[in-house]
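Participant: Provided herewith is a single structure, encoded as C-alpha cells, for subsequent inquiry.
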Amino acid sequence: MKLSNPFVPDFKIIGILCYCRETYASQMADELSAYFAQSAISGYSKFSKHAGFACYYFHQSQALRTISKQVLFSELMFARQLVFLVAHPVHLHEDDRVSSVLSVIPESEQALQTCVVEVPDTEAGKHLSKFSRKFAVPLRQAMRGKELLYRRKFNKPITGLCWHILLTSSDKAHIGLSLPQNRSNHENGIHRLKMPHDAPSRSTLKLEEAIYAFIPKAEQSELFREGYRAVDLGACPGGWSYQLVKRGVQVEAVDNGKMQNELMATGLVEYYAVDGFKHRPVYGPVQWLVCDMIEQPQRVTELMLDWLVRGDAKHAIFNLKLPMQDRFATVTQCIRQLEQELKQANIAFSLQAKHLYHNRDEVTVCILRQSDL
Ligand SMILES: C[S@@+](CC[C@H](N)C(=O)[O-])C[C@H]1O[C@@H](n2cnc3c(N)ncnc32)[C@H](O)[C@@H]1O
C-alpha cells in the first residue's frame, strides 16, 4: 500500500490513549505495558476497570513526529482506536468547557482536519453520548475560529489529522490526536456493520469486519474471487461461508451442525459432517482457511500452523478464543508461536490480530502469505 506523507505537527506527546471493549481495559493496559517494554520509552499504564479504554503515560514527553512512527495501531491487538495524548485528563469548567479544551491544545503551523468528541463504549458512555454530540458543535466552531481546524465539507470522510476529545464525564476529558494510516477511521473506533437479511447467523459480521480490517480495500476483490476455494472449519449455520460465497468463493463447510438451506442452495458450498481437527482439503490446497471453532486457542494455533506449513491453505483467518484467565498472555503466546513456526518453515507472511468490534471474548487473526522465500 502506498502511504502518503501528511503534515505532522511538532507537538509534545505525553502518552497514548487506546479505546477498547468495555471489559478489556486491563488487557489493553497489559498490552500497552508489554508494547513499551520492548522500546526505550519508559512510562506506566493506567486504566479503570470496565472503562472501555486505557492510557500509557510516558515519563518524558515524546515528539509526535517520532512517536507516531514507533507506535502502530495495527500492532495493538486490543486497541479500537489510537490517540496521541497532548495533556493529562482535563477538567472541563461547567461554565466554559470549550475554553478548558482550547487551553491545552497546542498551536500548530497548520490546522488539523477536524475534531471529534467521543465517549467510551460503556454504559456510562451511552449516557454521555447526547451531551458529546451537543458539545462538539460549539467546540468545532471555536477551534475553526482559532484556525486550529480547517473547514471540512459536511459528512466528508476524515482523511487528515483529527483531534479526539474523549469524554469520561461531563467535566472530564482526555485530549489528543490521531494520524491517518495509524488509526481506525470509524467513529469511536467501532466499525458498525448492517446485518445482511439473508445471512445464516450474526457471526457473519465477524468475518466481514475482519476482511475490512485486515485486507486493504484494493486487494479484497483480488484475494476473494470466483474460482477460489476455501475451507470453513466450525461452519454452521454458515455465517462465515456466507461471506465467502458472497464473493464467489467455493467452500468446504466442516461442522456437525446444520447449515442454512438457502446457502446450500447456492451450489457453492459442500458440507462435511466431520471433526474440524481431522478434515483435509478434498480437492487439494485452498486459497483460504477460515476457522471459528470454539476451542482452546493453543489447539487452534497448532491446527492453523499445520495447514499453512503443509501448504494446504495459502491464507487464513481464524478466531482465538480468549480464556477466562491470562487472556493477554495466552493469546500473545499463540501469536508468537505462529510467527516463529511460519518463519522456521521459510514462509513469508504478514500476521495481524485484532479484538474486533463484533468479537466478544476472542481475537481474530489474519495470516496472509506473500511469496515463498
Ligand atoms: C461459533 S460457531 C460458528 C459460527 C459460524 N462461523 C457462523 O458464522 O455461522 C462454532 C461452531 O464450531 C463447531 N465446532 C466446534 N468444534 C468443532 C470441531 N471439532 N469440528 C467441527 N466443528 C466444530 C460447532 O459445532 C459450532 O457450529
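Coordinate-derived values only; no laboratory data. Quantities reported herein were computed from a predicted structural model and do not represent experimental measurements. Every residue, glycine as well, gets a Cβ built from its backbone with ideal geometry; the counts of neighbours run over all protein chains shown.
Participant: Which entries of 49/314; 69/130; 46/354; 49/354; 258/354 have Cα-Cα distances beyond 31 Å here?
Facilitator: Working: 49/314 40 Å; 69/130 34 Å; 46/354 21 Å; 49/354 20 Å; 258/354 29 Å.
Beyond 31 Å between Cα atoms: 49/314; 69/130.
Participant: Further, regarding this structure: Take the alpha-carbon centre of segment 215-238, take the same for segment 304-373, and report the distance between them in whole Å.
Facilitator: One Cα centre to the other: 17 Å.
Participant: Can you list, bin by bin at 10 Å, the percent of alpha carbon pairs in segment 114-225, starting at 0?
Facilitator: In whole percents, the pair-distance histogram is 11, 35, 32, 18, 5, 0.
Participant: What is the calculated FRET efficiency for residue 146 to residue 221, with r their C-beta to C-beta distance and R₀ = 41 Å, to the nearest 0.05? Display every interim value, and only then the final one.
Facilitator: Numbers: r = 44 Å, r/R0 = 1.07.
After rounding, the FRET efficiency stands at 0.40.
Participant: Which number comes out as Rg/Rh for segment 12-189 once both Rg and the Kirkwood Rh are worked out on C-alpha atoms? List each step's numbers first, then the result.
Facilitator: Numbers: Rg = 15.2 Å, Rh = 16.3 Å.
Taking Rg over the Kirkwood Rh, I get 0.94.
Participant: Run through segment 110-157 and list the chymotrypsin sites (Phe, Trp or Tyr not before Pro) located in a DSSP loop whose Cβ has at most 14 other Cβ atoms within 10 Å. Please list the in-between numbers first.
Facilitator: On the way: sites: 131, 135, 150, 154; in loops: 150, 154.
Within segment 110-157, the qualifying chymotrypsin sites (Phe, Trp or Tyr not before Pro) (loop, at most 14 other Cβ atoms within 10 Å) are 150, 154.
Participant: Let a ≥ b ≥ c be the square roots of the eigenvalues of the Cα gyration tensor of segment 1-106; is it rounded (a/c under 1.5), or, if not, prolate (a/b larger than b/c) or oblate?
Facilitator: Details: a/c = 1.61, a/b = 1.11, b/c = 1.45.
Oblate.
Participant: Convert 37 °C to kelvin, take the viscosity as 0.692 mPa s, use the Kirkwood radius over C-alpha pairs of the chain as Rh, and evaluate the Stokes-Einstein diffusion coefficient in µm²/s, rounded to a whole number. List each step's numbers first, then the result.
Facilitator: Working: Rh = 22.1 Å.
After rounding, the answer is 148 µm²/s.
Participant: To the nearest 10 degrees, how steeply does helix 204-214 sit against the main Cα axis of the chain, on a 0 to 90 scale?
Facilitator: Computed tilt is about 60 degrees.
Participant: Loop by DSSP (not H, G, I, E, B), at most 14 other beta-carbon atoms within 10 Å: where is the longest site-free stretch of the chain for trypsin sites (Lys or Arg not before Pro)? Intermediate values should be presented prior to the final figure.
Facilitator: Working: sites that count: 2, 49, 146, 151, 153, 192, 194, 202, 225, 258, 278, 360.
With trypsin sites (Lys or Arg not before Pro) excluded where exposed in loops, the chain gives 50-145 as its longest stretch.
Participant: Between residue 22 and residue 326, with labels modelled 7 Å along Cα→Cβ, what's the label distance in nm to one decimal, could you check?
Facilitator: 2.9
Participant: May I pose another question? Across the chain, where is the longest run that never hits GluC sites (Glu not before Pro) in a DSSP loop with at most 13 other C-beta atoms within 10 Å?
Facilitator: Result, exposed sites excluded: 227-373.
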